[in-house]
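Accompanying notes for the structure given below.
The values are calculated or read from the model by the stated rules, or taken from the named source; none is laboratory data. What you are looking at is a predicted structure, and each value in this text was computed from that prediction instead of being measured. Counting neighbours? That spans all protein chains shown, and the Cβs are built from the backbone with ideal geometry, glycine included.
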Amino acid sequence: MTTARRLPDPYSSDGGGANLADILERVLDKGIVIAGDIRINLLDIELLTIKLRLVIASVDKAKEMGIDWWEDDPALSVSTKGRQLSYENEQLKAHIAELEAARGREPARESHKESHDGE
């Protein structure tokens with residue numbers, strides 16, 4: 001009597017192959033780059049070019065490669081938002097002071113104090 005042989009299960013963790021966590025760890029540790037270009041031409045006239053670049057790596061590996069755009073992106077970094085808001089606030093204050101000086105008035109801060117002191 002012959003018994004049917006089963007094929008090895010590709011997802012088993014019996015040590016026969018690398019599991020998904022091992023593969024992911026290797027990819028993030030080393031990094032992987034996928035690049036491709038798509039061009040659409042009509043009669044030797046380039047109508048559209050799409051350049052695709054995909055980098056998959058850990059944050060530490062990305063920083064080693066000089067990629068750190070997320071640190072200065074206001075949508076992703078709270079500290080960047082704070083710096084940007086402070087900068088915009090100072091710009092607005094300076095602009096208001098210029099406008100009030102052009103009208104011949106003192107800046108709002110000073111005139112606001114005087115109105116409270118006189119009451």
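Residues that are among the β-branched types (Val, Ile, Thr) and surrounded by 10 or more Cβ atoms within 10 Å (Cβ to Cβ) were ranked within the range 62-101; the one that is modelled with the highest pLDDT is ILE96.
Each residue in the range 1-59 was checked for being modelled with pLDDT under 85, over 30 Å from TRP70 (Cβ atoms) and of a type in the set (Val, Ile, Thr), and 2 pass.
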